[in-house]
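Asks: Got a structure for you, questions after.
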Amino acid sequence: MKKALITGITGQDGSYLTELLLEKGYEVHGIKRRSSLFNTQRIDHLYEDPHSGAAGMKLHYGDLSDTSSLTRLLSDIKPDEVYNLGAQSHVAVSFEAPEYTADVDAVGTLRLLEAVRFLGLDKTTRFYQASTSELYGLVQETPQRETTPFHPRSPYAVAKLYAYWITVNYREAYGVYACNGILFNHESPRRGETFVTRKITRGLANIALGLETCLFMGNIDSMRDWGHAKDYVRMQWMMLQQDEPEDFVIATGKQYSVREFITWAAADLGISIEFSGSGVEETGIVSAVEGDLAPDVKPGDVIVRIDPRYFRPAEVDTLLGDPSRAREKLGWVPEITAREMCAEMVASDYKTAQRHALLKQHGLDLPVSFEG
Ligand code: NDP
Ligand code: GDR
């Protein structure tokens with residue numbers, strides 16, 4: 001039985017990757033952080049009582065900022081594969097907490113790799129690093145491929161640049177089987193609520209049922225190459241099954257604007273939306289409502305506004321990946337389109353909004369807004 005260790009197991013990708021590895025018969029170990037509230041919602045359905053002796057997923061406390069926990073866990077588990085998915089992963093937050101982001105996302109990666117080397121696991125343990133299209137930042141070439149030069153635009157991206165190169169360095173210097181997946185944006189119903197797609201699907205579902213009135217957005221001209229997390233974790237695993245370690249771009253090869261994504265999500269709720277005005281004055285106004293999914297919305301309602309608080313000090317305006325190498329060398333092709341993914345996310349958030357609306361009818365009002 002192969003053993004995998006996943007940092008970031010409680011995150012979006014960690015949860016899908018754990019499902020995949022359990023299906024493949026792995027023993028999956030995951031590092032979770034101490035938190036004052038439960039933080040395992042995305043993997044609770046995979047939990048089995050360890051007392052039964054049959055649990056395929058085992059959770060351990062640890063932190064990417066804590067060398068001792070990482071070294072101890074690697075030494076105890078001696079995993080065949082390490083997936084380093086843990087990170088302070090929010091680009092906007094990295095401007096607020098740059099040093100923490102560097103410690104976890106950059107030095108955290110070094111801590112893991114150095115522990116692999118120090119413990120003599122460098123010939124047996126394979127290492128996957130969650131690299132990102134944010135490395136391209138101010139893009140130098142379109143579409144972006146493995147050879148496109150990097151120009152990171154945030155403390156997050158700069159930290160991930162260090163992590164990218166230290167992964168390459170441990171491969172070249174010590175022969176560690178270590179590779180980077182340069183993943184473009186990928187989403188799902190399990191996406192964190194403050195990333196743009198989930199903010200939109202959740203916000204519009206709430207608006208449809210009268211739980212909120214308006215979605216406040218940042219730069220809706222921004223273009224992204226969005227895929228589905230389920231497709232992307234398959235590729236993370238495939239990368240570690242090659243004879244030789246290599247870095248790959250994982251993307252769909254199609255891009256859309258945030259504004260288009262808003263229009264899709266609204267359409268899935270039966271709401272037609274028209275944008276008018278420009279810059280911070282731009283608004284999204286309801287032009288028609290069909291069906292019975294959005295009883296609290298009527299033509300003329302302004303349901304999208306721009307709030308400059310969501311602009312970033314430096315923006316990544318456009319990203320478009322070229323996944324040819326992944327397709328040609330590994331036979332990987334994404335199966336779920338961005339449009340299908342949007343519909344899945346809306347359906348999921350609509351169900352949650354229905355539950356909240358029901359609770360509200362019975363006098364149990366839950367808070368629905370947040371900073372995103
Ligand atoms: P999430 O934000 O959903 O998950 C991040 C995970 O990292 C969570 O489990 C979180 O724990 C954990 N984590 C945060 N800080 C620490 C820390 N100090 N020590 C240990 N664990 C920590 O991210 P995704 O699942 O979306 O992304 C996975 C990885 O892929 C990240 O590294 C991200 O930067 C990268 N990436 C993501 C892309 C995307 O579009 N989703 C694209 C390209 C790269 P907790 O649950 O307690 O917060
Ligand atoms: P990103 O994802 O920064 O690409 O990083 P995010 O969904 O946060 O933003 C995408 C684009 O949408 C614009 N935007 C907004 N973003 C948020 N969060 N909230 C808003 O209100 C809003 N309005 C417009 C952003 O400015 C941006 O241009 C994600 C993360 O998962 C990273 O960890 C990962 O490395 C990259 O994707 C690839």
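Asks: Would you be able to tell me the number of residues in segment 343-372 that are within 16 Å of ligand 2 (Cβ to nearest atom), at pLDDT below 95 and surrounded by 14 or more Cβ atoms within 10 Å (Cβ to Cβ)?
Replies: Result for segment 343-372: 2.
Asks: Among the residues of segment 274-291, are any under 30 Å from MET235 (Cα atoms) and modelled with pLDDT of 95 or more? Working first, answer last.
Replies: As a first pass, look at segment 274-291 and keep what is under 30 Å from MET235 (Cα atoms): none.
There is no residue in segment 274-291 that is under 30 Å from MET235 (Cα atoms) and modelled with pLDDT of 95 or more.
Asks: Considering only segment 243-283, state which residues are out of contact with any helix residue (DSSP H, G or I) (no Cβ under 8 Å at 6 or more places or on another chain), closer than 29 Å to SER324 by Cα and among the charged types (D, E, K, R).
Replies: Passing the criteria: ASP243, GLU244, ARG259, GLU260.
Asks: Of the residues TYR83, TYR61, only one is within 15 Å of ligand 1 (Cβ to nearest atom), over 21 Å from GLU193 (Cα atoms), surrounded by 21 or more Cβ atoms within 10 Å (Cβ to Cβ) and at pLDDT 95 or above; which? First the steps, then the outcome.
Replies: Values: TYR61 fails: surrounded by 21 or more Cβ atoms within 10 Å (Cβ to Cβ).
Every option except TYR83 fails the conditions.
Asks: If you don't mind, another one. Output the qualifying pairs, or none if there are none: Cβ atoms under 6 angstrom, residues six or more apart or on different chains, first residue in segment 23-35 and within 16 Å of ligand 1 (Cβ to nearest atom), second residue aromatic (Phe, Trp, Tyr).
Replies: From residues that are within 16 Å of ligand 1 (Cβ to nearest atom), the pairs are ARG34/TYR61.
Asks: Any residue in segment 165-182 that is under 9 Å from PRO245 (Cβ atoms) sitting within a Cβ distance under 7 Å of a residue that is surrounded by fewer than 17 Cβ atoms within 10 Å (Cβ to Cβ)? List the pairs, counting only those 6 or more apart or interchain.
Replies: VAL176/ARG117; CYS179/GLU246
Asks: Same structure, new question: Name the one entry in VAL249, VAL258 that is within 16 Å of ligand 1 (Cβ to nearest atom), over 21 Å from TYR164 (Cβ atoms) and among the aliphatic types (A, V, I, L, M). Working first, answer last.
Replies: Working: VAL249 fails: over 21 Å from TYR164 (Cβ atoms).
When all the criteria are applied, what remains is VAL258.
Asks: Sticking with this one: For residues that are in a strand (DSSP E or B) and either among the small types (Gly, Ala, Ser) or over 20 Å from ASN169 (Cβ atoms) (or both), tally how many sit in segment 113-142.
Replies: Matching residues across segment 113-142 total 2.
Asks: Let me ask another. Counting just the residues of segment 183-233 that are over 19 Å from the mean Cα position of the chain (by Cα) and acidic (Asp, Glu), which one comes out farthest from VAL280 (Cα to Cα)?
Replies: The qualifying residue farthest from VAL280 (Cα to Cα) is GLU212.
Asks: If I ask for residues that are of a type in the set (Lys, Arg) and either buried (at least 21 other Cβ atoms within 10 Å of the Cβ) or more than 30 Å from SER69 (Cα to Cα) (or both), which ones from segment 112-165 would you list?
Replies: Narrowing segment 112-165 to residues of a type in the set (Lys, Arg): 117, 123, 126, 145, 153, 160.
Those that are of a type in the set (Lys, Arg) and either buried (at least 21 other Cβ atoms within 10 Å of the Cβ) or more than 30 Å from SER69 (Cα to Cα) (or both): ARG126, ARG145, ARG153, LYS160.
Asks: Which residues, taken from segment 79-109, are within 21 Å of the chain's Cα centre (by Cα) and under 18 Å from CYS179 (Cβ atoms)?
Replies: Matches in segment 79-109: GLU81, VAL82, TYR83, ASN84, LEU85, GLY86, ALA87, ASP105, ALA106, GLY108, THR109.
Asks: Still on this structure, I have one more. Name the residues in segment 252-272 that are more than 20 Å from the chain's Cα centre (by Cα) and among the aliphatic types (A, V, I, L, M), would you?
Replies: Listed by number, the residues that qualify are ALA266, ALA267, LEU269, ILE271.
Asks: Given (1) in contact with a strand residue (DSSP E or B) (Cβ under 7 Å, 6 or more places away or on another chain); (2) among the small types (Gly, Ala, Ser); (3) closer than 20 Å to LEU73 by Cβ, where does GLY181 come up short, assuming only one miss?
Replies: (3)
The values are calculated or read from the model by the stated rules, or taken from the named source; none is laboratory data. Because the structure is a prediction, the values reported are computed rather than measured. Don't worry about glycine lacking a Cβ; one is built from the backbone with ideal geometry, like all the others, and counts go over all protein chains shown.
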